[in-house]
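Okay, so here's the structure we're looking at.
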Amino acid sequence: TRRFTCRPMRHNFVHRAARTFSRDSNAFYLFLKEKREMRKRIKSNRPVHEIWLERMREHPMKEAAIEVETERRINYGDLNRLMNKYANYFAAQGYKYDDVVALFMENNIDFIAAWFGLSKIGVISAFINTNIKLEPLGHSIDVSKCTSVITTMTLLPTLANAKAGGFIAKNLKVFVIGGDSETAENLENSMITTSDEEPPICPELDFHSVFCYIYTSGTTGFPKPSVIKHCRYYFAASSASVAFGIKRKDRMYITLPFYHSSGSMLGIGSLVAKGTTIVIRKKFSASNFWTDAIAHECTMSQYIGEICRYLLAQKPTPEEKQHKIRTMFGNGLRLEIWEEFISRFGIKRVREMYGATEGNSNFVNLDNHVGACGFLPIYPFTSLFYPVRIVKINEETGELLRDKRGLAISCRPGESGEMVGIINNKDVFRRFDGYVDKGETEKKIYRDVFSKGDMVRTRENLGRSGGGHNDQKR
């Protein structure tokens, strides 16, 4: 969790406006650029996999993905054909629009192919954390209301143990990739004769259909599946490409798990939004990070939590300065190691951000300001296009503080509070789709906050003590 503090105003408005004009005007330009893109997509009303087909047709022979450990490589055309095999096979088995299939898989090419392939026939993928076992695993599968699960040979024993312990329904259909098993269907063998042609168009599917479920971390209970619609996914992927400066020629090194939104929405999303090449490692390795980046000519990568500190803890090597990575983006780079990190590894740009998988608001550091994960523009009209506020809460209970009119109290410069996002479910930029469980969705909504009848999405525990940045908002 992070405490968000509005920086004290030490100068008059004109002086501050002059100092922040370049940053804020750039942000406004990027916002308008993304707004145009989303309006175009909303008008065409096509799901994400059809936008993927645009990239595939532009360069079918370009490398789409590389697995570091196996050295498996696949181009855009072949990856699309593999997606089609998944789509046609599961369609032949009777899977249809709004069915759910759980993906309990490590980072690999088949995760992408299964996910997008299932999407082509309207099936929703539920991303299951590969580190959970027994009851949490059973809960995650059960709460998604899935009818089957796709897993790998290395994770099959974990699934079997949860089944044996009674945490998973014994009639759950299990498909496995990477080998034969008496308890699961070998999906690769089953799909050998399956057509790799495009499946029939699913008529119910559009830009506002559900694409996948991505789970919360489960820090306050069992993980909750958040609803990610096609529009939400593409907005995240496209916005990231704009804010982080992702280009078609980039090679994205992904070490974060695909079941997490950073890996699946921002990492894999670069394939859809820009047509990049992604380099996939199953798990982050500090000792192999820079050698992998050099071997695969990576130009961008991600971090989260303590990854940057783990890299700094490694002994210096020549490779850490010989790589081509120019931009790192993510969240959790601590202020005390920020400058050492960019200096030692020669990283030109850091795009620290703050947001939530299911949230309707976020912050991004666009100007390399050390220690910040974003900013709030100072201009009064900002509220027309940037639906984020910082409000006062009770530090003990976390409850929203209200004035005599019953409305929220906005933080003044120098005060700490909670970030909230104003909800407008008619606007793709401000909508809040919440969770599969509608009761959990309601818990995240404050009502009558800035005016009677409005709603905002809140972050759990946000604004309490903790977090390494003193300059979280500017």
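Descriptive notes on the structure:
- Matching residues, region 348-362, being acidic (Asp, Glu) and either modelled with pLDDT of 75 or more or over 22 Å from the mean Cα position of the chain (by Cα) (or both): GLU352
- Taken over region 332-370, the criterion of being open to solvent by 20 Å² or more (accessible area, probe 1.4 Å) and of a type in the set (Val, Ile, Thr) is satisfied by ILE337, ILE342, THR357, VAL364, VAL370.
- Within region 177-186, restricting attention to residues that are out of contact with any Lys or Arg (no Cβ under 9 Å at 6 or more places or on another chain) and without any contact (Cβ under 8 Å) to a residue 40 or more places away in the chain, the residue that is most open to solvent (accessible area, probe 1.4 Å) is GLU182.
- Pick from region 145-176, criterion surrounded by fewer than 23 Cβ atoms within 10 Å (Cβ to Cβ) and under 22 Å from SER209 (Cα atoms), ranking: modelled with the lowest pLDDT: THR147
- Residue satisfying all of: in region 187-228; within 18 Å of ARG431 (Cβ to Cβ) and aliphatic (A, V, I, L, M); most open to solvent (accessible area, probe 1.4 Å) among these: VAL210
- Here LYS283 fulfils each of the conditions (1) surrounded by fewer than 16 Cβ atoms within 10 Å (Cβ to Cβ); (2) free of Cβ contacts under 8 Å to residues at least 60 places away in the same chain apart from (2).
- Counting only helices (runs of 4 or more DSSP H) wholly contained in region 48-161, the ones carrying 1 or more residues that are of a type in the set (S, T, N, Q) occupy 76-92, 109-120, 134-143.
- For region 373-387, the criterion of being open to solvent by 30 Å² or more (accessible area, probe 1.4 Å) and at pLDDT 85 or above is satisfied by no residue at all.
- Residue match in region 436-459 (condition: of a type outside the set (D, E, K, R), modelled with pLDDT of 85 or more, open to solvent by less than 20 Å² (accessible area, probe 1.4 Å) and touching a helix residue (DSSP H, G or I) at 6+ places or on another chain (Cβ under 9 Å)): no
- Filter pass, LYS43 being out of contact with any helix residue (DSSP H, G or I) (no Cβ under 8 Å at 6 or more places or on another chain), under 21 Å from LYS229 (Cβ atoms), open to solvent by 40 Å² or more (accessible area, probe 1.4 Å) and assigned to a loop (DSSP other than H, G, I, E, B): no
- Yes/no for ARG72 being touching a strand residue (DSSP E or B) at 6+ places or on another chain (Cβ under 8 Å) and either within 19 Å of THR255 (Cβ to Cβ) or modelled with pLDDT of 95 or more (or both): yes
- Within region 65-81, being open to solvent by less than 30 Å² (accessible area, probe 1.4 Å), touching a residue at least 40 places away in the same chain (Cβ under 8 Å) and within 25 Å of VAL149 (Cβ to Cβ) holds for ALA65, GLU67.
- Any chance ILE342 is modelled with pLDDT under 95 and either over 23 Å from the mean Cα position of the chain (by Cα) or among the β-branched types (Val, Ile, Thr) (or both): no
- Residue in region 363-372 that is in contact with a Phe, Trp or Tyr (Cβ under 7 Å, 6 or more places away or on another chain), at pLDDT below 90, over 29 Å from VAL436 (Cβ atoms) and not hydrophobic (A, V, I, L, M, F, W, C) present: yes
- When residues of region 247-271 are limited to those that are over 10 Å from the mean Cα position of the chain (by Cα) and open to solvent by less than 10 Å² (accessible area, probe 1.4 Å), the one farthest from SER140 (Cα to Cα): ASP250
- As for region 5-22, it holds no residue that is β-branched (Val, Ile, Thr), at pLDDT 85 or above and not in a helix (DSSP H, G or I).
- Residues located in region 407-435, provided they are among the small types (Gly, Ala, Ser) and either open to solvent by 20 Å² or more (accessible area, probe 1.4 Å) or under 26 Å from HIS208 (Cα atoms) (or both): SER410, GLY414, SER416, GLY421, GLY434
The values are calculated or read from the model by the stated rules, or taken from the named source; none is laboratory data. As the structure is a prediction and not an experimental result, all values here were calculated from the model. Ideal geometry is used to build each Cβ from the backbone, glycine not excepted, and the neighbour counts take in all protein chains shown. These accessible areas exclude ligands, DNA and RNA; they are computed on the full protein's heavy atoms, side chains included. Shrake-Rupley method; radii C 1.70, N 1.55, O 1.52, S 1.80 Å.
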